[in-house]
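Read-outs: derived from the displayed coordinates by stated rules, not from any lab. Just so you know, these numbers come straight off a predicted model, no measurement behind them. Cβ sites come from the backbone with ideal geometry, for glycine too, and all protein chains shown count toward neighbours.
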C-alpha cells in the first residue's frame, strides 16, 4: 500500500449477508483513486483482462467488488519470476485490447464514453 491511497474491505447492504466490496480512497494530495477507478472500469468493460467490477467512482475514491483471491494490500506478496511473467502477459494483452479504444497517452479522462489523453481531447 502506498501513502497516497488506502484500501478497506467493507460489507454493502443493510443486513449481515450483504455483499463484500473494497473502498479505495486518496489519503494524500498525490492520490489518484478517481483515475484508477475509471481506468479499472474501462478495462473491465472493454477488454478480457480480469478486474473487479467497479460499482461507483467519486472525486477521490472508488468502490469495487471484493475479490477473495486478490493479493493482500500489505505488500507481502513476492513478485517471483512466474508472477512477473504472468503480469507481463496480462499487461501486453491489456495494451493490445485497449489500443483501439484509447486516443493517446497521459492521464486518462472520459470523453463520450472513451478514455482519452488530455492533449488529444
Put in order of increasing Cβ neighbours within 10 Å, starting from the fewest, 98, 32 give 32, 98
Return 81, 36 ranked ascending by Cβ neighbour count within 10 Å, so the fewest neighbours appear first.
-> 81, 36
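Order by neighbour count: 96, 35, fewest other Cβ atoms within 10 Å first, most last.
Values: 96 10, 35 15.
Least to most surrounded, the residues fall as 96, 35.
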Calculated FRET efficiency for the pair residue 56/residue 94, C-beta based, R₀ 25 Å, to 0.05 | 0.65
